[in-house]
Every structure is written in C-alpha cells, then in structure tokens.
Amino acid sequence: MVKRVPVTRYAMEPKSMGSAGMWQFQLYIVAPGDPEALSVSLLDDLLRLTSCRTCGRTASSLDGHAQCLSQEGVHALQMPWSVHLAMSRRMWKENVRIRQKKRAIAERAASDPFTAAHVRPLLEAQGGLCYYCGDPLATPGISALVHRDHMTPLVKGGTHDVDNIVLACRTCNLDKNGFETAPVFCRRVARRLAADQLERARTIRAAVRRWKATRAKERSRSSRRP
Ligand SMILES: [Zn+2]
Ligand SMILES: [Zn+2]
C-alpha cells in the first residue's frame with residue numbers, strides 16, 4: 001500500500017508542450033485526504049526530475065519555492081520531454097486511480113442515485129433517442145446497450161443523481177470528453193447535425209427537462225407526506 005501525500009497533487013496544463021521540448025505541469029495544494037493527492041513515491045520522483053519554471057532550480061521539494069507559487073498556491077514545473085515519456089505511464093495510472101476514487105465518492109454522494117430502474121422511464125422520455133444527437137438508441141429495455149452520460153462529469157464535480165444523467169448513443173458518449181459539460185458538448189454536436197436533426201435533439205432535451213421536473217415535483221410531494 002502506497003502512502004499518500006496529504007497536500008499535493010499535479011495537474012497537467014492545457015498547453016503541455018513548452019519551449020525547448022519541456023513538458024510543463026503544475027502542482028496544486030489540496031486538502032488532507034483529498035482524492036487528488038498524489039502518491040508519495042510518484043511525487044518524489046516528479047520533484048526529483050523537474051525544474052521550477054519560475055526560478056529554474058530543481059524543485060526537489062516545494063519548501064524552497066514559496067516565492068515561486070502563484071497566488072492560488074500553484075507551482076509550475078517542467079521536465080524534459082524525454083523524461084516525461086519515461087514517466088508518462090506511471091502518471092497515467094495515477095490519473096486513472098484518482099478518477100476512480102473521485103467517481104466512487106461522487107456515487108456515494110448522490111442523494112437521488114440513478115439506478116437501473118430509471119433507464120426505461122428516461123429512455124421513454126427521450127423517445128428512445130440519443131439526448132445529444134437524436135439518433136435512435138438501443139431497443140427499449142436493453143439497458144446494457146444504452147450509454148449513461150453524466151451531464152456534468154464526475155471529475156468536474158457532477159454527481160450520480162438522476163438529475164445529472166441522460167442516455168446517449170455510443171458515438172456521442174465516446175465523443176464527449178471527460179471534462180466536457182452537456183451544454184458545451186451540445187454546442188459541439190450541433191456543428192455536425194443537419195437542421196432537422198438539431199430540431200429533433202432540441203425537442204428531446206426539452207422532453208427530458210420536463211420529465212425531470214415532473215419527477216422532482218413528485219418526489220418532493222411524497223417526501224412531504226407524513
Ligand atoms: Zn522555484
Ligand atoms: Zn448521439
């Protein structure tokens with residue numbers, strides 16, 4: 001069992017390729033016990049192999065770099081691209097571990113968790129069509145072939161509540177990246193849809209909103225009942 005560092009994690013910058021073949025990333029301070037905390041062994045190696053982007057010194061520990069931190073407590077670091085390639089598999093595995101942990105936490109936190117029983121009514125509300133593109137989904141009832149999509153991804157703080165889940169076709173589910181929210185993805189999907197498809201997709205989304213609103217109303221009514 002790897003011991004976890006209580007306060008630090010790394011996150012990749014959007015533009016990860018810096019000047020002169022350096023791979024750039026940042027360390028953020030997170031609260032003790034945060035699922036995003038890096039494992040000790042990976043953090044040690046990252047610090048050993050990187051240099052501070054502000055002062056240029058090898059980072060080795062964050063202690064000597066208090067003045068290099070941004071106001072948000074972010075420490076920018078870089079490592080040669082070749083070193084990054086050697087480390088990338090470990091960092092990728094760490095990211096997978098962090099995502100799984102966050103997913104488990106989000107699922108536990110749901111107050112109205114989405115279950116298999118919700119698939120059929122939601123599928124009916126969507127008219128058996130994909131929430132995003134309006135293409136036909138699997139035969140109603142074959143829930144295993146329908147992709148459940150978190151409108152706000154779990155890694156972005158979304159939950160596993162009914163409110164946050166819609167049914168999508170395989171194409172859309174694979175196309176929507178892990179950090180994209182539903183409104184952002186809808187705008188992107190709109191570009192590949194013909195006018196009539198777009199109209200149909202909008203109708204489906206309105207129907208889903210109505211279904212969820214009706215459901216929420218019924219739930220609050222039954223919870224108020226003694
Ligand atoms: Zn520094
Ligand atoms: Zn679709």
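None of the figures in this text is laboratory data; all of them are computed from the coordinates on show. Keep in mind it's a predicted model, so treat the numbers as computed, not measured. As a convention, Cβ positions derive from the backbone with ideal geometry for all residues, glycine included, and neighbour counts pool all protein chains shown.
Per the Debye formula with a single identical scatterer at each Cα and no solvent contribution, what log10 I(q)/I(0) holds for region 116-224 at q = 0.10, 0.12 Å⁻¹? Each listed q corresponds, in turn, to -0.27, -0.39.
Between residue 89 and residue 218, the C-beta separation translates, for a Förster distance of 45 Å, into a calculated FRET efficiency of about 0.40. Which of 146, 223, 169 sits farthest toward the positive end of the charge dipole of region 116-224, with +1 on the Cβ of Lys and Arg and -1 on the Cβ of Asp and Glu? After comparing all options, I get 223.
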